[in-house]
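S.K.: To start, I am sharing the structure in question, which I have written as structure tokens.
The values are calculated or read from the model by the stated rules, or taken from the named source; none is laboratory data. Note that the coordinates shown come from a computational prediction; the quantities given were computed from them, not determined experimentally. Here Cβ is always computed from backbone atoms with ideal geometry, including for glycine, and neighbour counts include all displayed protein chains.
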Amino acid sequence: MQQQLANAQAELASAQVSGTAGGGLVTITLSGSGEILGVSIDPKAVDPADVETLEDLITAAFTAASENMRKLTEQKMGPLTAGLGGLGLPGM
């Protein structure tokens, strides 16, 4: 079980997930540790007269990427940690 847990942790560490907003106008890519690896902004999303919308799109894309990472972590670690009763560890 320890080896399976170590393998799942290694998979997560090397994983990348993305979140998009505005129909793909903004995409944020996160590493398995939650570090931002990239931000892609379609030029159509850039309107100097409406910066607030772009800010909202970036926030939404980051939220989506974070949720995708949470789901991936749950998928990889959930079956392995289910029998541990959480062990008092946050997020388990």
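S.K.: Name, by its number, the condition in (1) loosely packed, with under 15 Cβ neighbours inside 10 Å; (2) aliphatic (A, V, I, L, M); (3) outside any strand (DSSP E or B) that does not hold for VAL39.
M.R.: Unmet for VAL39, out of (1) loosely packed, with under 15 Cβ neighbours inside 10 Å; (2) aliphatic (A, V, I, L, M); (3) outside any strand (DSSP E or B): (3).
S.K.: Which of the residues spanning segment 28-57 are touching a strand residue (DSSP E or B) at 6+ places or on another chain (Cβ under 8 Å), over 19 Å from MET69 (Cβ atoms) and β-branched (Val, Ile, Thr)?
M.R.: ILE41
S.K.: A further question follows. Select from segment 46-65 the residues that are surrounded by 12 or more Cβ atoms within 10 Å (Cβ to Cβ) and either at pLDDT below 95 or assigned to a loop (DSSP other than H, G, I, E, B) (or both) and list them in ascending order.
M.R.: Result: VAL46, single match.
S.K.: Considering only segment 2-48, how many residues are of a type in the set (A, V, I, L, M, F, W, C) and at positive phi? Steps first, answer last, please.
M.R.: Here is the first cut: in segment 2-48, the residues of a type in the set (A, V, I, L, M, F, W, C) are 5-6, 8, 10, 12-13, 15, 17, 21, 25-26, 28, 30, 36-37, 39, 41, 45-46.
Still in the running and at positive phi: none.
The total comes to 0.
S.K.: Kindly check whether there is at least one residue in segment 20-33 that is at pLDDT 90 or above, over 9 Å from the mean Cα position of the chain (by Cα) and closer than 30 Å to PRO79 by Cβ. Walk me through how you get there before you give the answer.
M.R.: Of segment 20-33, the ones at pLDDT 90 or above are 20-31.
Right, trim to over 9 Å from the mean Cα position of the chain (by Cα) and you get 20-27.
Retained after the next criterion (residues that are closer than 30 Å to PRO79 by Cβ): 20, 27.
Yes: segment 20-33 contains one or more residues that are at pLDDT 90 or above, over 9 Å from the mean Cα position of the chain (by Cα) and closer than 30 Å to PRO79 by Cβ.
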